[in-house]
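To start, the structure itself, in structure tokens.
The values are calculated or read from the model by the stated rules, or taken from the named source; none is laboratory data. Because the structure is predicted, anything quoted here is derived from the model rather than measured. Positions of Cβ are backbone-derived with ideal geometry, glycine not excepted, and every protein chain shown enters the neighbour counts.
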Amino acid sequence: MGAMDSTELICHRCGALLHRGDGSFHVVRIEAFADPSPPEEEMESSGAATVESLLAEASSYSAQEFMDQVYRRLELRLCRRCYAAWIEDPTGSGVPGSGG
């Protein structure tokens, strides 16, 4: 057995112990990124006041907070039971398959 085989895996939702190779869990990869659309109003036409406002707001964020707002990738492991519940209502909205 390699080092990877001895690593315990735990369901990210309920904390159940997961075992590699027995088909008892799912790996869910989530990739989230900021709206790639250009701003509705042009920065050039909005003036220096908008730039100053954006700079003031930006100074309150850490580098990690900026990165998290632009791009985030997560990998979750869910046991069969938790996966079945999550895939039917991934947003937690209470509406099965709503997706948002």
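Observations on the model:
- Index of the failed condition, LEU18 passing every other in (1) modelled with pLDDT of 85 or more; (2) out of contact with any Ser or Thr (no Cβ under 9 Å at 6 or more places or on another chain): (2)
- For beta carbons closer than 7 Å, sequence separation of 6+ or different chains, a first residue in the range 10-30 that is under 12 Å from ARG81 (Cβ atoms) and a second that is modelled with pLDDT under 95 and part of a loop (DSSP other than H, G, I, E, B), the qualifying pairs are LEU18/SER24.
- For the range 44-59, the criterion of being at pLDDT 85 or above and loosely packed, with under 10 Cβ neighbours inside 10 Å is met by no residue.
- A Cβ distance below 6 Å, combined with a sequence gap of six or more or placement on separate chains, defines the contacts here; from the range 86-100, residues that are farther than 16 Å from HIS26 by Cα and of a type outside the set (Phe, Trp, Tyr) reach residues that are modelled with pLDDT under 75 and assigned to a loop (DSSP other than H, G, I, E, B) in the pairs THR91/GLY100.
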